[in-house]
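Notes follow once the structure below has been shown.
The values are calculated or read from the model by the stated rules, or taken from the named source; none is laboratory data. For clarity, every value in this text was computed on a predicted model and none was experimentally measured. We place every Cβ from the backbone using ideal geometry, glycine too, and count neighbours over all the protein chains shown.
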Amino acid sequence: MTYSEVRRRTSLDDAREQALVNRRVARAGGDPIADRNHEMGMQFLFAGTKKNDPTKLHTVIKFESAEAMQAFSADKELIETRRQAGAVIESGVMTPISDDFFTNNPDAFMQH
């Protein structure tokens, strides 16, 4: 079952079923969140809170394309899930950077 298929399902029984699948994947050494992010065309390079304000989360996310970034930003179900988890969506700021960058997470990568 893909992340997109799960998002379309809304019943509590379906959510419990997916949670069970995610636990099995995790126990087997997999990462269901990384799998979902990969399906969405995104990779978290950094996530952390501000030193003196744990309510301010900063993330650096690499998207496969501008379309993947736009799809992430426009995903109403994901927005609602984030809101229910405590995210203040309206305070979020997205700052696209150039295509020239480097990272060493999880492996060294440079695009120029």
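Looking across region 36-90, the residues that are of a type outside the set (V, I, T), without any contact (Cβ under 8 Å) to a residue 40 or more places away in the chain and part of a strand (DSSP E or B) come down to M42, Q43, F44, A47, G48, K50, D53, P54, K56, L57, H58, F63. When region 66-75 is limited to residues that are touching a helix residue (DSSP H, G or I) at 6+ places or on another chain (Cβ under 9 Å) and either of a type outside the set (D, E) or farther than 21 Å from E90 by Cα (or both), the one that is surrounded by the fewest Cβ atoms within 10 Å (Cβ to Cβ) turns out to be S73. Cβ-Cβ contacts under 8 Å between residues 6 or more apart (or on different chains), taken from a first residue in region 5-23 that is part of a helix (DSSP H, G or I) to a second residue that is modelled with pLDDT of 70 or more and among the hydrophobic types (A, V, I, L, M, F, W, C), are listed as R7/L78. When restricted to residues that are surrounded by 10 or more Cβ atoms within 10 Å (Cβ to Cβ) and in a helix (DSSP H, G or I), region 24-35 contains 7.
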